[in-house]
Amino acid sequence: AMSLRKLTSGITKSATGPRLLLLNSLVASCAAGSASYCNTTSMRQAEVKNGINVYSSPNLSPDSHVGVSKICAKQAVRETALSRVALSILCFCIPTGMLLGLNRVSFIKRAVAASKPLKITQELLCITIALKAGLPLAISIFEPVSSCDGSKLEKELGNPERVYFDKGL
């Protein structure tokens, strides 16, 4: 976050009002997204090192178990980490966009400026809507069950046409 602030200091120095709010939101979401990506990849290194179970059927039934794949584990961790980046960006940018949009409506702007409890309620409502909308959007970027072409897998797994695996949350 501090590096991003330093890199964008020339742009944010002259920005005021809505532009500054939007720039701050983007910098914060990029910093949070980077941290989420790094955290997810580091916390799931055991899966990358040991591999995850892969199946020949998309319903992941035990009788369709093909073996354990490190290549699929890397893909699963990468997809999960990218969905965390999207979650960070959505959860920072949706409330900012909503607040900027609501502040363009003059009677809402006057009402919120006159009442501190109304301002807090408006902000909490925007955050709640962002979480209600942003979380499903971020998680839905990748299906819960991912697949990989069998030709890209380890030789020990034979030569299945396609394998399926649970990417995890």
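The values are calculated or read from the model by the stated rules, or taken from the named source; none is laboratory data. Bear in mind that the values here come from a model prediction, so they are computed numbers and not experimental data. FYI the Cβ positions are ideal-geometry reconstructions off the backbone, even for glycines, and counts take in every protein chain you see. Calculation scope for accessible area: heavy atoms of the full protein, side chains included, ligands and nucleic acids excluded. Shrake-Rupley method; radii C 1.70, N 1.55, O 1.52, S 1.80 Å.
Tabulated data
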| item | result |
| --- | --- |
| Single residue of 119, 155, 132, 109 found to be without any contact (Cβ under 8 Å) to a residue 24 or more places away in the chain and closer than 18 Å to residue 25 by Cβ | 119 |
| Meets criteria (surrounded by 12 or more Cβ atoms within 10 Å (Cβ to Cβ), within 30 Å of residue 65 (Cα to Cα) and of a type outside the set (Ser, Thr, Tyr)) for residue 131 | no |
| Matching residues, the stretch 39-89, being closer than 15 Å to residue 168 by Cα, open to solvent by less than 20 Å² (accessible area, probe 1.4 Å) and among the small types (Gly, Ala, Ser) | 51, 69, 73, 76, 81, 83 |
